[in-house]
Structures are given as C-alpha cells and as structure tokens.
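In what follows, a structure is listed as structure tokens, so that the remarks can point back to it.
The values are calculated or read from the model by the stated rules, or taken from the named source; none is laboratory data. All of these numbers come straight from a predicted model, not from anything done at the bench. Ideal geometry is used to build each Cβ from the backbone, glycine not excepted, and the neighbour counts take in all protein chains shown. Side chains included, ligands, DNA and RNA excluded: accessible areas come from the protein's heavy atoms. Shrake-Rupley method; radii C 1.70, N 1.55, O 1.52, S 1.80 Å.
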Amino acid sequence: MLKYLLPVLLFAFTNTFGQVADSTYLSDVKRELRTQWPKNRRINVVFHGHSVPAGFWDNHEVHTLESYPNLFLKALKDKYPYAVVNVIVTAVGGENSLKGATRFESEVLPHQPDVIFIDYALNDRFSPLDKTREALAKMILAAQAKNIKGILVTPSPDQRIDISDPANPLDPYAAQIRELAKQYHIGLADPYVNFQKVVKEGKLKEVMSSVNHPNLAGHTLIVNSLLPYFL
C-alpha cells in the first residue's frame, strides 16, 4: 500500500512555503456544517476546472467516486456527520481558465455555492500568463460579488514535465495562483508542493493513472490540501 494512501483526514497544515490555512476563512460555512437538523441547511461546494476535478483518469475513463471532489465529500462527511453537503462538479476535460471564465456566471453561480474550488493551472500553461490572470480574477471577483468563498488550487503534475526544476513551465502558473490568492484574500490549496516532494522521492508514477491524470493516491494528495480550511 502506498504511503500516500493515508486516511484522508490525516493531512499537513503547512506547506513548504510556510503557508498555514486560515482557520477563520470558512468560519460561517463550518458553523453551518456543524448545525444539526432542523436548523441546518444544504451546503453546496462547486469544483470548477479541467479534467482532473472532472474525474478523468487513464484512457478517458471518468472515475467520479475515486477523484478528489468526491473523496473530499467523503472526508468532509466523516468530520461533519450532521451536515447536508452537495458536491457539484462543473469541470470540463481539456478546458482552461479562459474558457472556464466564460461559463462561470451561467453554469457555476446558479448552483448557489457556499465554496468554489478553481483548478485550471495544468491546462493554463498553454495560455499567456496575463490572460490566465485576467480570467481567474474575473471568476474570483464574480464570486466575491455574491459573498461566495473561493479557493484556488495549484496544479497536479504532468509526467512530461519535471516539476522539481524551477524553470519548468508549470511553476509560473502555480506562482500566479498563490499571488492571486494573496491579492484577493481568498483561499489557497497548494497540492503542487506535495507533488514536488513526490517527484524528488522518485515516486511520481505511484500517484499517477496516466501521463497527466492522478490516480487514487494522487487525488488523495489533492484532498489533503483542501481539507485544512474545513477544520
């Protein structure tokens, strides 16, 4: 059994950049998650992005229940047994943030999300940084205008790229996501640094189902970067 296949609620609070998840960022959401019937309400969590949150693995198979949105739901329910939680996936395989931004108000906001995760950097590397910054900022501001909490997600790997090399093409997009999270005072989930550790250990293939899609171990690494906001 891979060491990455830990119980999903065992995770690190601090990444290699020393960032600690702000435990107050989702205070209102966590209060609702703890509330019991008949005073509780439904909590909607939306995952917006490309093929990884959409659940694609190898050979175009979609492993919905073994990919990080639903692994996250399982972990969240383990912690909040009285909560009514909907996980809604608006991700589209092959999409980048430029296209995702055009769908945001028509296909994401109507779900009335309490929290939105945005995960596009893996595909954004093929677009200019100024354009991806503009697209991500547009989605962030649209969510904030409706008092919706957003959490940006740094990329998972592509095995054709050595993400341990600071000059690799994904690094500037991971850096941009961190900068945007800081600029707009929103959440940041940074699985990229955890995958970099795996690469340095020479074990990247153990967390990947295909050249650019994680397997269960890889999706678990992503989940472990999302959960600290929900403690």
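Quick notes on this structure:
- On a per residue basis, the chain carries 46 Å² of accessible surface, using protein heavy atoms and a 1.4 Å probe.
- Of all DSSP-defined beta bridges confined to the chain, some 15% are antiparallel rather than parallel.
- Estimated from the Cβ-Cβ distance and a Förster radius of 35 angstrom, the FRET efficiency linking Glu179 and Trp37 is about 0.25.
- Directionally averaged projected area (convex hull, Cα atoms, region 149-231), nm²: 5.6 nm²
- Here Asp165 and Ser127 are evaluated by their C-beta separation; at R0 = 30 Å the FRET efficiency comes out at 0.90.
- Out-of-range pairs (alpha-carbon distance over 21 Å; input Lys79/Lys205; Lys77/Lys149; Lys99/Lys182; Lys79/Lys138): Lys79/Lys205; Lys99/Lys182; Lys79/Lys138
- Note on region 56-134: Rg/Rh from Cα positions, Kirkwood definition for Rh, rounded to two decimals, is 1.01.
- Long-range Cα-Cα pairs in the chain (distance over 29 Å), rounded percent: 20 percent
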